[in-house]
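**Student:** Sharing a structure with you now.
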Amino acid sequence: MSTPALGGRCFCGNIHFEVVGPEKFACFCYCGSCQRAAGAPVVAWATYARDTFAVTQGEFHWHNSSPGVTRGICSNCGSSVTYENVKRPGEIDIAVNCLDDPCAPMPRAHIWTEDKQPWFQIGDDLPVHEKNIG
């Protein structure tokens, strides 16, 4: 039995994509880079094999946001949709809320909490990591 593809899009709908799961990992990220890129105190990401991800409509603007990191952004609406890090070749992170079904990947941890805004409270029992896992 094959795993069905999950669809997704940016905010304006200019970019559509598909990815085949299940996800390898899903988490809440509080790093300063994600906060700036999303304009939010936390971003939920799901990690998939890069070769299972395909853009089905539109084109990303690829932004090198920091050394070794490339973010896929819609040049029309500014949505930050994907994250890739050279330290994790063969993987791509997708912003969970860009998926058509954002409940499909279930976050399993909080990462980079050393950058978390002091007024943001974590209210679940998931593992908390000051930096990344691994």
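Any read-out appearing in this document is the output of simple, stated calculations on the displayed coordinates, not a laboratory observation. None of the values given here were measured: they were computed from a predicted structure. Note that we place each Cβ from the backbone using ideal geometry, even for glycine, and neighbour counts take in every protein chain shown.
**Student:** How many angstrom lie between the C-alpha centres of region 12-61 and region 99-134?
**Tutor:** One Cα centre to the other: 15 Å.
**Student:** Once amide H atoms are built 1.01 Å from N in the peptide plane, which residues 5 or more positions from G21, or in another chain, come under 5 Å H to H?
**Tutor:** L6
**Student:** Check which residues have an amide H placed less than 5 Å from A26's amide H, if you skip close sequence neighbours.
**Tutor:** Result for A26 returns T47, R108.
**Student:** What's the exposure ranking of T47, T82, going from fewest to most Cβ atoms within 10 Å?
**Tutor:** Exposure proxy ranking, most exposed first: T47, T82.
**Student:** Contact order normalised by length for the chain, with contacts defined as Cα pairs under 8 Å and 6 or more residues apart; what percent is it?
**Tutor:** It rounds to 27 percent for the chain.
**Student:** State the extension gain, in nm to one decimal, for the chain segment bounded by K87 and N14, taking 0.36 nm per residue of separation less the distance between their alpha-carbons.
**Tutor:** Full-extension gain reported as 23.4 nm.
**Student:** Rounded to the nearest 0.05, what FRET efficiency do D100 and F120 give with R0 = 25 Å and r taken as the Cβ-Cβ distance? Could you check?
**Tutor:** The computed FRET efficiency comes out at 0.40.
**Student:** Ok, one more. What aspartates and glutamates could a cross-link reach from K131, if we take a straight Cα to Cα line under 16 Å and drop same-chain neighbours fewer than 8 places away?
**Tutor:** Here the aspartates and glutamates satisfying the reach criterion relative to K131 are E114, D115.
**Student:** If you don't mind, there's one more thing I want to ask. Which ordering of E18, E130 is given by a fewest-first count of other beta-carbon atoms within 10 Å?
**Tutor:** Listing E18, E130 from fewest to most nearby Cβ atoms yields E130, E18.
**Student:** Quick one: Karplus J couplings for region 96-110, per residue in order, coefficients 6.51, -1.76, 1.60, θ = phi - 60°, nearest Hz, x for Gly and Pro?
**Tutor:** 4, 6, 8, 6, 4, 10, x, 8, 5, x, 9, x, 10, 6, 10
**Student:** Give a residue-ordered list of calculated ³J(HN,Hα) values for region 43-59 (Karplus: 6.51 cos²θ - 1.76 cosθ + 1.60, θ = phi - 60°; whole Hz; x for Gly, Pro).
**Tutor:** Result, rounded to whole Hz: 10, 8, 10, 10, 9, 10, 5, 4, 6, 9, 9, 9, 7, 9, 7, x, 9.
**Student:** When the expected Rg is taken as 2.2 N^0.38 Å, what fraction or multiple of it is the alpha-carbon Rg of the chain?
**Tutor:** Compared with the compact-globule rule of thumb, the chain sits at 1.01.
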